[in-house]
Structure formats: structure tokens, C-alpha cells
Amino acid sequence: MMYISPDQDQKIRSTMRKCGQLAQKLAAEPFEVSEKGPDDYVTSIDRLLDQQLLTAFSALFPEDGIITEENVASRAAYLGNYRRLWCIDPIDGTAEFIQGKLHYAVMVGLLQDGEPIAGWIYAPAFDQMYFGGKDWGLFQTLGDSKPSAIAIHKSTAPTADSCKIILGDKDQKNYGLAIAQMIPGVEFYSLGSFGLKVLEVISGRAGLYLYFNGRVKVWDTAGPLALAKAAGLVCCDLQGQPLRWTPDALNSESLAHSQTIAIGQPEYIECLLAKVRIAVEGLQTR
């Protein structure tokens, strides 16, 4: 790993853990909730953590570009000719957080030359950190314990008795029945954070994560996809094309991905991607 030093990694993890624990503490007190768009919420805690993380990363990496979800002006860094770009989500899974549920996370990802190469995901409710990346490996910590390697799960091909797919609630409502008709025996489930969903596939608890909503943005994907790639997962769209972080694949204002997203164990992608594509495209052309 040449892109950051062990000391920088330690400072990143320490900063994220402090922010996550602060979020958990403040969640027990009254906080403000506002709506940025349809079913898109932000809290006063998101904004507080956003500023703290922006300040910390600006000090750690003064020559790099930094984008944070709640600082709209920071999105200009995406087209700022930075070779390295930090993408920060202060609370991934805000709706889950507002509801007092557990599956939310503080997330950081590093893009280099338009590709995710490192990521950090901290789940405050479990005091668990997952991190790693390209030519580095995958690691986890519980509390302030020393890092340990994450075992890479090698799945078998899906069967009618074992075919777990993560599909968000909105996508289940819109596409679940059509996909189930193409893949008998499929079992869908979901949880809050995009990053924690990806970790379900890395861990082998699910074989595939599908996302069709069109709202996921660079700060949602950079960290989790760096970990997914390091784990040997396939990260592609429904046509099998690699996911991209280049300007042609993102909305220039919101930085949302235009591609559909499939993140899966290679055996699941090989067996199921074409069936999922037929099911989804069949509904979209009606």
C-alpha cells in the first residue's frame, strides 16, 4: 500500500470512530431532521459530522480533493483535476439512523485516477470498523482492538435452496416479483447503509447486491466498492460493464451514478445477471 501511510490510516480510523460515537451519543437527544428531496433526509448530526470530517481530512491531505455529502460546494472538487479524491459520507443510512435502527455507518472512500482504491466503513452501533483496498487487503477492528484480516468468502453457485440477494425496499417493490419469477427460490432482504449491504456480500451472507434506484452517489460507493474489489467481487451494471466513476457515468450536479449496480460473488454474477437484466428491462419497456 503506497497511497497512504500506516499513520494516516490510523488517524482516519480514529477520526471516523470519534465521529461515529458522537453520532450515537447525539442520537439519544433531540435533533433536527429536514428533507433535501423526496425521501432524502438530512439531520443536524449529519451536518455536524460532515464539517468535522471535512476539517480533519483537509488537514491530513491538503493537496487532495475532498467531497463530503452535506457540503454542496465541495462537489466542485470532482472536476478539479485532482488525481486523488476523498469521498466522505458522514452518515450512510440516514433514514435508518433517524428511526433509531442499527445499520448506519460513517464512510470514507479514496478515488485515484477515477477508480476506488481504498475504503473505510465504521458501524457505530456495533463499534466495528472495516477497511482496506487495492494491494492492501481487507481488515476489521472491534472497538479499539488491533486490526485483523477479514476472511474472503468464496461462494458456491446459487441454488433454489440457497440464493440470497440484497435488494432495497423500493427496488423490491418495483422489481422483486419480476426477478423472483426469473429466479425461483430467490430470497431478498435489505438493511440500511449501502456500505453495510456491500459487506453482507463480502462476508458471504448474501451472494449479490442489486441497486436500480438511480440515487446512489460517489460518497456512497467509493469506499464500499474499494473493499468489494479487494475482496474479488464483481462490480458491474446489468449489461456486465464495469462500474465507472468518470464524468460520463455520473450526474454532473448531484454526482449520482447513472449505471445500474450489481455487486456480487463471481458465481452469482455469472449465473444470475442475465436473468435479472431480462426481468428489469422487461418492466422498464412496458
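The values are calculated or read from the model by the stated rules, or taken from the named source; none is laboratory data. In this text, all values refer to a predicted model and were calculated from it rather than measured experimentally. Neighbour counts run over all protein chains shown; Cβ positions are idealised from the backbone, glycine included. Surface areas here come from the heavy atoms of the whole protein model, side chains and all, with no ligands, DNA or RNA. Shrake-Rupley method; radii C 1.70, N 1.55, O 1.52, S 1.80 Å.
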Exercise. Which pairs have Cβ atoms under 8 Å, sit 6 or more apart or on different chains, and link a residue in the stretch 247-276 that is outside the structural domain of Gly195 (by the TED database) to one that is of a type outside the set (Ser, Thr, Tyr) and open to solvent by 10 Å² or more (accessible area, probe 1.4 Å)?
Worked result: none
For this session: Determine which member of the set Asp92, Asp64 is within 18 Å of Val218 (Cβ to Cβ) and buried (at least 22 other Cβ atoms within 10 Å of the Cβ).
Result: Asp92
Problem set entry | Residue list for the stretch 112-153, restricted to those being free of Cβ contacts under 8 Å to residues at least 24 places away in the same chain, under 26 Å from Ala28 (Cβ atoms) and hydrophobic (A, V, I, L, M, F, W, C) | Leu142
Seminar exercise, completed: A careful count of residues in the stretch 212-234 that are closer than 22 Å to Lys154 by Cα and either crowded, with 24+ Cβ neighbours inside 10 Å or among the aliphatic types (A, V, I, L, M) (or both) gives 10
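Each row is one residue, and each column tells you yes or no for (1) open to solvent by less than 50 Å² (accessible area, probe 1.4 Å); (2) more than 23 Å from Lys217 (Cβ to Cβ); (3) touching a helix residue (DSSP H, G or I) at 6+ places or on another chain (Cβ under 7 Å); (4) in a helix (DSSP H, G or I).
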| position | (1), (2), (3), (4) |
| --- | --- |
| Ser254 | yes, no, no, no |
| Gln259 | yes, no, yes, no |
| Ala262 | yes, no, yes, no |
| Tyr268 | yes, yes, no, yes |
| Lys275 | no, yes, yes, yes |
| Ala279 | yes, yes, yes, yes |
For this session: Kindly list, by first and then second residue, each pair from a residue in the stretch 181-197 that is over 15 Å from Ala279 (Cα atoms) and open to solvent by less than 30 Å² (accessible area, probe 1.4 Å) to a residue that is of a type in the set (Ser, Thr, Tyr) and not in a helix (DSSP H, G or I), limited to pairs with Cβ atoms under 6 Å and residues at least 6 apart or on different chains.
Result: Gly192/Tyr104; Ser193/Tyr104; Lys197/Tyr209
Exercise. Going by the structure shown, is Ile66 at pLDDT 95 or above, among the hydrophobic types (A, V, I, L, M, F, W, C) and out of contact with any Asp or Glu (no Cβ under 7 Å at 6 or more places or on another chain)?
Worked result: yes
For this session: Collect the residues in the stretch 158-173 that are touching a Lys or Arg at 6+ places or on another chain (Cβ under 9 Å) and open to solvent by less than 30 Å² (accessible area, probe 1.4 Å), keeping them in residue-number order.
Result: Pro158, Ile166, Gly168
For this session: At least 3 residues that are touching a Cys at 6+ places or on another chain (Cβ under 9 Å), open to solvent by less than 50 Å² (accessible area, probe 1.4 Å) and within 30 Å of Asp248 (Cβ to Cβ) in each: list the strands (runs of 3 or more DSSP E) lying fully within the stretch 97-151 that qualify.
Result: 105-112
For this session: Could you look through the stretch 152-167, keep only residues that are charged (D, E, K, R) and part of a loop (DSSP other than H, G, I, E, B), and pick out the one that is farthest from Pro184 (Cα to Cα)?
Result: Lys154
Exercise. Can Gly240 be described as touching a helix residue (DSSP H, G or I) at 6+ places or on another chain (Cβ under 7 Å), on the phi > 0 side of the Ramachandran plot and in a loop (DSSP other than H, G, I, E, B)?
Worked result: yes
